[in-house]
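The values are calculated or read from the model by the stated rules, or taken from the named source; none is laboratory data. Everything quoted here is computed from the prediction, not taken from an experiment. Cβ atoms come from the backbone with ideal geometry, glycine included; neighbour counts cover every protein chain shown.
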Amino acid sequence: MNFKIAAVALAAAFTVSAQAQTEIQWWHSMTAVNGEWVNDLAKEFNASQKEYKVIPTYKGSYAESMTAAVAAFRAGNAPNILQVFEVGTATMMASKGAIVPVGQVMKDAGYKFDPTVYVSAVAGYYTAPNGQMLSFPFNSSTTIFYFNKDAFKAAGIDTNKPPTTWPEVALAAAKLKASGHKCPLTIAWQSWTQLESFSAWHNVEFASKSNGLGGMDARLKVDSPLHVRHIENLANMAKQGLFIYKGRENVPEATFISGECAMITTSAGFYGNVAKNAKFNYALATLPYYPDVPGAPQNTVIGGASLWVMAGKKPVEYKGVADFFNFISRPEVQSASHKRTGYLPITTAAYQLTEKSGFYKEKPGTDIAVQQMIRKVTDKSRGIRLGNYVQIRQIEDEELEQVWSGKKSAKEALQAIVKRGNEQLERFEKANK
Amino acid sequence: MEKRVQFRAPLLPWLLIAPQVLVISVFFFWPAAQALLQSFQIEDAFGISTQWVGMENFNRLWNDASYLTSFKTTAIFSLLVAVLGIGLSLMLAIFADRVIKGAMFYKTMLIVPYAVAPAVAGVLWIFMFSPSLGVVSYGLGKLGIDWNHLLNGSHAMTLIVMAAVWKQISYNFLFFLAGLQSIPKSLIEAAAIDGAKAWRRFWTIQFPLLSPTTFFLLVINMIYAFFDTFAIVDATTHGGPGQATSILVYKVYYDGFKAMDLGGSAAQSVVLMTIVIALTVVQFQFIEKKVNY
Amino acid sequence: MVERSPFLTFLGHAIMILGVIVVAFPIYLAFVASTHTAQEIVQAPMPMLPGSNMWETYRKALVGGGYGAGSTAPVAHMMWVSLVTALVITFGKIAISLLSAFAIVYFRFPFKNFFFWAIFVTLMLPVEVRIGPTYKVVSDLGMLNTYAGLTIPLIASATATFLFRQFFMSVPDELAEAARMDGASPLRFFIDILIPLSKTSIAALFVIQFIYGWNQYLWPLLATTSEKMYPVVVGIKMMVAGGDSQNEWNVVMATALLAMLPPALVVMLMQKWFVKGLVDTEK
């Protein structure tokens, strides 16, 4: 009798614990190939242990997913992990009580957290002034330069010496135009490549207070002489038909793939697309800079998204989140992710592992993005973290378009950006008191 | 506006109307009230720190030059969409009504685009008009027109008007066609026998008898132009170049969804809603009088 | 029409053909795009005639070579969710609108005008603007991830009521008078006379509401926390890679066209009823 009862009790205990697998909800915005990557990461983690089950759910674009998370949070059922684009970082940070810093989560789970294993330009962006890591870098990219080798050859430009400075770019563009090329240079993500990354690359301020990392009372500084000079140069190039504006965000990328435009500044993540679809010889290079600016080139800033941990969930779930983050930080996992997607490796160990595997030799140019980021950052180049940044990007697009169409001068546009942008920053500061 | 014959029953009408009133109370008025309350507040995205600021969100709007410009942009846009949408579909319906051969084919082809999801429609238009990739812009280039809606404000406006009207043509066409086919043939024949030409017949018989349909479509198209065209702008011009296509509703959604500025978005919704309600009241007061039921 | 004017007939055909070309062109383009490979589409300008890649593309769309290692299962299931959602919204909306329109047009009761405008005002604030608070209400009622949560909030708008009102207004008074004189109760009149008369309007609204329900994107995205409850339009968006990675445009177009088939079928099959239904609206 006792044996029977004990057996039943034991069986019941096993059943209960088997069903007590804690679910971790992960909301993301990765589609197509990257969506598969997310699902595979979750699958691998789930297979590696029995206590937790990570469930990734596609929740629309970055903006839609954020809306969903906000609504869910207000209704009391937020996910455990939320992928948020870099532009929304300030919003997440400022909502005290909505999130739990990653550093805290790892510490509470008993993991020793060593900030030095992370590539400083990547992790530094998601770190608070007091050194605590707020969110977990997940898919990070940066700004680089692509050019069409065939078009260069036809224009008589030496493809072994790609243009590295803006004067050289202008020269190459002129040669391309002379050889009949209709679109020598174009630009994608103009605010990111030509204002934000531009500033960090030249070690000048984009905004005060270390570009916002130091506090919510940061204000824009893009009407500086260097910025005006650069936008004026681009405006002149536009007038001469050397730079053709092809749209906002990543829309211009299609013109590079089709061969229409010969040079483009855009995200490192564009590489996969180029490798698959370009029907010409191409090469990757570092973002151009002005050689007469002291300190250039410094490093470029991050794009992409990170993973935030939402507040208000059960303690056992936080342990699962920590385990998951630990899993995907492993050098092998990082390196595989980096090779698969083109996003940057987050830890130096992952970078070294990838290098050792010969990947960079096999696919030349894939290490340029990393090269631009693996440097010691300065206060002006750590990254940009400003509130209401989505609106500010929109303002930047609107004003720059007026420059390209000849309606405003570079100085007027940049000053308008500063004025309108600062209004947004003030409002953000007020809303997040 | 009142029927001559009406029933008298004490309880029945309340019962009949109850389901709808219940649903809209719970799922419209309650959430709408909360959404509108946000127009008087400034809060962070997650609603953790909320401050009551009274009319500040509204004052900010009036002091914002770009908001005031977008009134003008919206007015032009809505007028074009409503006029073109109704005018073109009316014309198509008139001829579809006349034509006998191939009528089924024409009607089907004109109706099917209604089934296209807005998300897909936006993508299709960008496909066709992209200055680099688009077949239409390519064709226009061959004709000597340098199509560039990225830098040319008028081109951009033309693009979104076309996309918006396209979506509505099928809808309007159907209603007009039905309206035309409901007019008794005997009336038309009698007029023809009296010597009235096609054009005259249209103005004296068909158009007046179409008035209930036209009125319905006028209201619906106006509401559509003001509220449902966000997706089109979002898929094509994003309000650019500069602010050439920044219509009021675009800013509402942009602020509410992408920028997470719920207070600002709510304030703009209030303004937009007030405009539309005012326009609708005007339509009911003045235009419905001319409608023949 | 009445006279046979060759000029007008010719003009008629010309305009119709032009109209069809303009209106149906984007869809034709989508079809052409779905029959090429992704690389071919990306080279400007896109080819105008169908390519040879059709079977490959559609196989990919259905079997899921592009998105996820999934089988037909995800797409088929999503179509099912879309179907159920669209049908529930359609029937629900038609049912309550018939009742409300009947009450408003045929009865005299206090606050009638108030209720009419209250219902009508629901057209003035689209779902997207009040979506956050609506989500909270649905969540509080425990309706997330259910068909009820997906459908009921979308029933709350007035298009159908407005249309039925227009129709009922145009029904001859003699019918109601006759019913009253026969001693029939209002409900009798409603069921035996009005609804049969409205059959075609109902069919018309069926098509409109079905397509409306089928094409929903934002609300299902928010109101469900499980990908198992996603309708097919959300599935399409999932395939369209944004940001850095590349789109497989041909597969996207193929899926879009597949997703368009059910509503297009509904339109074509119901076309006869549809046009007839709207005809009766104006009698």
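Some observations on this one:
- Just one residue in the set C:L154, C:L99 is at the interface with another protein chain (Cβ under 7 Å from one of its Cβ atoms), crowded, with 19+ Cβ neighbours inside 10 Å and either under 26 Å from B:D255 (Cβ atoms) or at pLDDT 85 or above (or both); that residue is C:L99.
- Residue satisfying condition, being over 22 Å from the mean Cα position of the chain (by Cα), buried (at least 21 other Cβ atoms within 10 Å of the Cβ) and either modelled with pLDDT of 85 or more or farther than 26 Å from A:M133 by Cα (or both), within set A:L414, A:L425, A:L386: A:L414
- Test: residue in the stretch A:142-155 that is surrounded by 24 or more Cβ atoms within 10 Å (Cβ to Cβ), over 29 Å from B:G141 (Cα atoms) and in contact with an Asp or Glu (Cβ under 8 Å, 6 or more places away or on another chain): no
- Residue, nearest to the chain's Cα centre (by Cα), within the stretch C:117-128, restricted to residues that are without any contact (Cβ under 8 Å) to a residue 40 or more places away in the chain and either part of a helix (DSSP H, G or I) or over 20 Å from A:E64 (Cα atoms) (or both): C:L123
- Every test in (1) at pLDDT 85 or above; (2) under 19 Å from B:P13 (Cα atoms) is passed by C:G183 save one, and that test is (1).
- Of all residues in the stretch A:343-368 being outside any loop (DSSP other than H, G, I, E, B) and either of a type in the set (V, I, T) or over 20 Å from A:E332 (Cβ atoms) (or both), the one that is farthest from the chain's Cα centre (by Cα): A:T354
- Restricting the stretch B:151-164 to residues that are surrounded by fewer than 24 Cβ atoms within 10 Å (Cβ to Cβ) and either without any contact (Cβ under 8 Å) to a residue 12 or more places away in the chain or within 30 Å of C:S201 (Cβ to Cβ) (or both), the residue that is farthest from the other protein chains (Cβ to nearest Cβ) is B:T158.
- Selection within the stretch A:238-272 - of a type in the set (S, T, N, Q) and surrounded by fewer than 22 Cβ atoms within 10 Å (Cβ to Cβ): A:Q240, A:N250, A:S258
- Annotation: B:N148 fulfils all but one of (1) at pLDDT 75 or above; (2) crowded, with 21+ Cβ neighbours inside 10 Å; the unmet one is (2).
- Taking (1) without any contact (Cβ under 8 Å) to a residue 40 or more places away in the chain; (2) on the phi < 0 side of the Ramachandran plot in turn, B:G102 satisfies each apart from (2).
- Filter pass, C:F206 being of a type in the set (F, W, Y), in contact (Cβ under 8 Å) with a residue 60 or more places away in the chain, in contact with a helix residue (DSSP H, G or I) (Cβ under 8 Å, 6 or more places away or on another chain) and closer than 30 Å to C:G132 by Cα: yes
- Count of residues meeting criterion [under 20 Å from C:K136 (Cβ atoms), in contact with a Leu (Cβ under 7 Å, 6 or more places away or on another chain) and facing another protein chain (nearest Cβ under 8 Å)] in the stretch B:1-51: 2
- Among residues of the stretch C:190-218, those that are of a type outside the set (S, T, Y) and away from chain B (no Cβ under 11 Å), counted: 14
- Members of the stretch B:237-264 found to be among the polar types (S, T, N, Q) and either within 10 Å of chain A (Cβ to nearest Cβ) or surrounded by fewer than 23 Cβ atoms within 10 Å (Cβ to Cβ) (or both), listed by number: B:T237, B:Q243, B:S246
- Neighbours by Cβ (under 8 Å, 6+ apart or cross-chain): first from the stretch A:239-263, within 7 Å of another protein chain (Cβ to nearest Cβ); second among the charged types (D, E, K, R): A:Y245/A:E401; A:R248/A:D397; A:N250/C:D244; A:T255/A:K246; A:E260/A:K182
- Note on the stretch C:129-151: residues that are touching a helix residue (DSSP H, G or I) at 6+ places or on another chain (Cβ under 6 Å) and within 9 Å of chain B (Cβ to nearest Cβ) amount to 9.
- Selection over the stretch A:400-433 of residues that are assigned to a helix (DSSP H, G or I), within 9 Å of chain B (Cβ to nearest Cβ) and within 15 Å of B:L150 (Cβ to Cβ) gives a count of 3.
- Total residues in the stretch A:272-293, condition assigned to a loop (DSSP other than H, G, I, E, B) and modelled with pLDDT of 90 or more: 9
- Per-region count, the stretch A:38-82, residues more than 17 Å from the chain's Cα centre (by Cα) and either facing chain C (nearest Cβ under 7 Å) or part of a helix (DSSP H, G or I) (or both): 25
- Condition met for B:A9 (touching a residue at least 60 places away in the same chain (Cβ under 8 Å), part of a loop (DSSP other than H, G, I, E, B) and hydrophobic (A, V, I, L, M, F, W, C)): no
- Taking the stretch B:213-236 as the range and being under 21 Å from B:A121 (Cβ atoms), more than 8 Å from the chain's Cα centre (by Cα), more than 8 Å from every other protein chain (Cβ to nearest Cβ) and not aliphatic (A, V, I, L, M) as the test, the residues that pass are B:D234, B:T236.
- Any hit, the stretch B:46-53, residues being in contact with a helix residue (DSSP H, G or I) (Cβ under 8 Å, 6 or more places away or on another chain), among the small types (G, A, S) and within 29 Å of A:R427 (Cβ to Cβ): yes
- Within the stretch A:294-330, considering residues that are at pLDDT 90 or above and of a type in the set (S, T, N, Q), the one surrounded by the most Cβ atoms within 10 Å (Cβ to Cβ): A:S306
- Checked against the criterion of being at pLDDT below 90 and under 19 Å from A:P137 (Cα atoms), the candidates A:Y360, A:Y343 yield just one match: A:Y343.
- When B:F77 is tested against (1) modelled with pLDDT of 85 or more; (2) under 30 Å from B:Q206 (Cβ atoms); (3) within 14 Å of chain C (Cβ to nearest Cβ), exactly one condition is not met: (3).
- C:F114 being more than 8 Å from chain B (Cβ to nearest Cβ) and either within 24 Å of B:L209 (Cα to Cα) or modelled with pLDDT of 85 or more (or both): yes
- Any hit, the stretch C:129-139, residues being modelled with pLDDT of 85 or more, more than 20 Å from the chain's Cα centre (by Cα), of a type in the set (A, V, I, L, M, F, W, C) and not in a helix (DSSP H, G or I): no
- Number of positions in the stretch B:127-145 that are under 26 Å from the mean Cα position of the chain (by Cα) and surrounded by fewer than 20 Cβ atoms within 10 Å (Cβ to Cβ): 1
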